[in-house]
Every structure is written in structure tokens, then in C-alpha cells.
1. Looking at Gly383, Gly442, Gly438, can you tell me which residue is touching a residue at least 12 places away in the same chain (Cβ under 8 Å), over 22 Å from Lys554 (Cβ atoms), assigned by TED's automatic domain parsing to the domain that holds Asp533 and touching a strand residue (DSSP E or B) at 6+ places or on another chain (Cβ under 8 Å)?
2. Could you please tell me which pairs satisfy a Cβ distance under 9 Å, a separation of 6+ or placement on different chains, a first residue in region 127-142 that is assigned by TED's automatic domain parsing to the domain that holds Ile156 and modelled with pLDDT of 90 or more, and a second residue that is acidic (Asp, Glu) and not in a loop (DSSP other than H, G, I, E, B)?
3. Taking helices (runs of 4 or more DSSP H) that do not extend beyond region 248-357, which have at least 1 residues that are over 20 Å from the mean Cα position of the chain (by Cα)?
4. Would you mind telling me which numbered condition in (1) closer than 25 Å to Asp293 by Cβ; (2) touching a residue at least 60 places away in the same chain (Cβ under 8 Å) Ala347 fails?
5. Regarding Ser341, is this residue in contact with a strand residue (DSSP E or B) (Cβ under 9 Å, 6 or more places away or on another chain) and either over 30 Å from Met116 (Cα atoms) or without any contact (Cβ under 8 Å) to a residue 60 or more places away in the chain (or both)?
6. It is to be established whether one or more residues within region 86-98 are touching a residue at least 24 places away in the same chain (Cβ under 8 Å), in contact with a Cys (Cβ under 8 Å, 6 or more places away or on another chain) and not in a helix (DSSP H, G or I).
7. Checking the conditions here, which among Val262, Val288, Val295 is out of contact with any helix residue (DSSP H, G or I) (no Cβ under 6 Å at 6 or more places or on another chain) and of a type in the set (A, V, I, L, M, F, W, C)?
8. Go through region 105-149 residue by residue and tally those that are surrounded by fewer than 21 Cβ atoms within 10 Å (Cβ to Cβ), closer than 16 Å to Met168 by Cα and of a type in the set (S, T, N, Q).
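The values are calculated or read from the model by the stated rules, or taken from the named source; none is laboratory data. Worth saying up front: this structure is predicted, and the values here are computed from it rather than measured. Here Cβ is always computed from backbone atoms with ideal geometry, including for glycine, and neighbour counts include all displayed protein chains.
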Amino acid sequence: MELAALITAARGDQPVDRVFENARLVNVFSGEVETRHIAVSQGYIAGFGDYSARERIDLAGRFVVPGFIDAHVHIESSMMSVSEFVRAVLPKGTTTVVADPHEIANVMGSAGIAYMIEEGRRQPMNLFFNLPSCVPATAMETSGASLDAAALSPFIRNDSVPALAEMMNFPGVIHCDAGVLDKIALAENAAKPVDGHAPGLSGKALNAYISAGIRSDHECVALSEAREKLARGMHVMIREGSGARNLDELLPLVTPKTAHMVMWCTDDRHPQDILHAGHIDEMLRRAVASGLDPVTALQIASLNPARYFRLPRIGAVSPGMRADMVVTSSLDEIVAEAVYSGGCKVAENGKMCPEVEIPEAQIGPSAMHVDVDRLDFRIPADGSNARVIVIIPGQIITGQEIMPVKIRENLAYAEPSADLLKIAVVERHQQTGNIGKGFIRGIGLRRGAIASSVAHDSHNIVVVGTNDGDMRAAVAHVAAMEGGLCVVCEQSVKAALALPIAGLMTPRPLAAVCREMDDLLDAARGLGCRLEDPFMTLSFMALPVIPELKITDKGLFDVNRFTHMPVFVD
């Protein structure tokens, strides 16, 4: 943008590029809907009114709203490359995302962050990348990299980096871990906010966490939790992902007095949900259908995150702002009929405009070091009762139970008829040979096994199965694909999806990914699985910062006690 030229066009002293006539503009500053002609020059809003223009577009009374912002998302969780993610969400009205490349950073370190930033710069929408604060998430698992404040420092003043990403190590904050505080200081010295991640934190522990300067949280699952955090000054990101769905529970948080402290985010959303349900647009429709004022919902989707992250010239349709706009016929049922990014039409009626150039994905190096011959999923029986991870449907938190297990020849076995399966995490980065083993209930498999190299946050290979042979075959196939998801039964692969970009993403288009994911889900259901999306659920079973009982390559992990635990209790 040439600033003088924009000012000159805004004065009306030279023609603008185009004027959108007869628009009903949703003004997220005033909260009003105004009938306007909107002038655009050099990809920015020049002003409102009667301007001389090279092109005139009559909107015939349709609404113009700011492009939507996803305040917290892991692009890697879509399993698509950055380019294909853009193809998926831009037609749905999302013109800006604030992503956390935490997943690829845990696999590739600084090279992963640099890879995502470079891919983002080539896209026809705004992609920002917060600096991952927890690589690794904890020392309780083996990751592909370790990033301290010194390693993050070269990125902190990058224009594509608006903040320090979710500080998941809340015990480290509360107990003044020097490395954790160094990262927070790095962000504060650069005048950039620090995002939070503190599920269930309350009282004085929450006070200590917020005192560190952490100002947002996307992990609230209960309304009372969200209210406590907001009342202490935290911006609450209401999340509706594929594995954690919190919109319905948290929507009552939004009132005229609190709305300015709220943002929408998807965090982790699988490709089928993006294709069939939507992205931020789906959250808007559901919020409005539940009774939220449409203008308030749109403020939460645009102005609020832009202000929180201090995104330059983004978040509203007003003079001097980037012309990121969505055209829709209704505020009661917000559907992106046309999407403009930087003043250019990029999508119409749910499809990318054919003239818009989106670069092919550059495939980064993979990381898959598994000695298949050493895979051993036997669990020696050190007792008759075991700690069992218990799935909570629709959530990424888990419970735990003590259950009797089947013992034969001093080995413990899965018991599918009782919904008691084996779960294991196979280390894939450092060639340690680590395999953490345990039991899980709530998956529902009656036969076979499922495995994935998408396993938050270190992304080792996680596998659940009814027998050791199928678990071994599933892990071997994931390794052979250089990462991915698969379903195995009787040691035969029934469905698979290869993820060659760091074992997390594929350069294939959304429709193809969805077809293969549908095949995977059908195959898993055919083996008895009753979860809506077992792979999304499985991906969080190795995350040792989300309560209550999880598993890493080093074994079962009690998050509340923050320590590894033996499988058997007697």
C-alpha cells in the first residue's frame, strides 16, 4: 500500500479501484447497520460515499460484514497443507487466522515455524503465527525438538508473529520455572500478548497464572470456569473444534457487558467438519440461532481478536482498514455468498474464484524413525487391577477408573467385550525405542486397531487395539507412510491416509482428504468403534497437560499429580 495514494483516493481526488454500492454495512464499532457505498483502493477501504471508481458493484441491499478471524487454530489439525487449508476456509468467510504452529514445531523445531510462516506469506489471506511456547509441552514425553527463549528470539519481532502462543505449562508458570518466565518476558519485551491454556485452573493458582501477564484462555469447558477467568481479566476464546466442543456451554458468557472480552476459535477441526459444517461461519450461525445478537456475534468474530492481537488494519470495514469483507443476504443465517480479501474477490458461493492463485504446498522434511522389528505391545501383569483412561465423549479431558484386567501367563490382555482396549505411544523422533503402554475405555473397538502419527503434542505414534498383532501392523503402516492414520484388522490395512508433511499434513485437496477420512471412519465403525471421530479423540490421549489420565511414550501420566504412574495399582 502506498499511504499517500490511499489518502488521496480517500479525499476523492483520484478514482478508487471499485465501489460497492447499496451495501448494508455492519459497523462493528457502533453496532449499527448502515446503508453505504463502500470505496476500495489498493486493497483497503478508502471511505464511504459517492466516489469515482474504475469498477462499480451493486450489492442490491445485501449485507457487508468484516472477514472472520479464527483467534486460535492449529492448521496442522486440519491435516491439510497451509495452501489447502486456505482453499478450505477462505470460501467460508475466514479471511484471517491466528495460528499456533505448535504441532509442527514439536516435530521439526524452528524449521517448522519458519516453514509455516513462509507458506503463510504466499497465501491470498492473512495468516499469522504465534510462537509456540511449549516445545516440548512437558518433559514427560519425547518430542522432536526443544525450543527455549533463545531459540524463539529470532522470530519474536517478525510481522507475521503477533503473540506468544498458548502457555500450556501452567505448573511451570505457577512455580516460576525460569525457562517459562524467560519466554513470557521475551513476548512482553516485544509488546506482544501471551496466550493462555489453563484447563480447570481456579482460585489462587489462577491468580498466579494471570499475574504472569497471560491474558487469554481457550480451554474453558464449564461456564463457571469461563466467568471466573473473564472476571480476572482474561479474554475468553470460545472453542468449537472437532474434539472439544464448548460453544453451547459457554454461550451464556456473552452479554452486552462481557462481549468485548470474547473471541471465537476452532483450535483443532478435522477436514470433514470444515467441509460439511463450516469454520467460524458455522459458529456464527449457531450462536445467532441460539439467540445471540448477530452484530455482537460478528464483533466477536472480527474486531475483538484484531484488537487483542493488535493486528494491523484488520477487523472492521472502515476507512484505512484492509478490505476483507464477506457479503451475505441474511444476518440471521450468515452464509458467505462472496468473500473479498484485500479488496479482491477470492470466493463466491462457497468456492474459490478460479483466477485466484494459491501456491502448491512445499513439502517439508518428515520425521519418522521407528524400528518396526522392535515393536512390543505386551504388558506384564504386575497386578490384577489397572488404571484405565476413560474417554469423555465430546471432550479432550479424560477420566480414570480402576478396573480388573484379563491375565494369562503373566501378561495383561485387552477385553473388547468389556470395552477395555490396549493403548500405546511409540516414540518416533529420537530412536529411543520408547513405548508407553496402558489401557483405555470408551473407544468401543471389538476387533482390530487404529493408529495415528497425529498425537498431541509431541506427535509420536499413538495406537489403540484389541490385540498386539493388529497394533503392530497399524504402527508399521503409519511408519511406512512417513506418517498418517490407519485402520487395521487381522493385520490387513482396511483404510489409511498418508500425511507426509512432518507426519501431520498432506498436500492433497480437502475433498480427497475427506473421502479418505470417511473411509477411515467407516472402517473404524465397522470394527465396533462408536465415537463420532475416534482419530481426533485418539490424538489427545497423549497430551500430558490436559486432565486427567493420559499416556506418553514414557508411560501412563496423571496430569493432576503431574507424574507418571504404573499401570497396575496392586
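1. It is Gly442.
2. Pairs that qualify, where the first residue is assigned by TED's automatic domain parsing to the domain that holds Ile156 and modelled with pLDDT of 90 or more and the partner is acidic (Asp, Glu) and not in a loop (DSSP other than H, G, I, E, B), are Leu127/Glu119; Asn130/Glu166; Asn130/Asp195; Pro132/Glu103; Pro132/Glu166; Ser133/Glu166; Ser133/Asp195; Cys134/Glu166.
3. Passing ranges, in order: 280-289, 294-301, 303-309.
4. Failed condition: (1).
5. It is false that Ser341 is in contact with a strand residue (DSSP E or B) (Cβ under 9 Å, 6 or more places away or on another chain) and either over 30 Å from Met116 (Cα atoms) or without any contact (Cβ under 8 Å) to a residue 60 or more places away in the chain (or both).
6. no
7. Of Val262, Val288, Val295, the one residue that is out of contact with any helix residue (DSSP H, G or I) (no Cβ under 6 Å at 6 or more places or on another chain) and of a type in the set (A, V, I, L, M, F, W, C) is Val295.
8. 2
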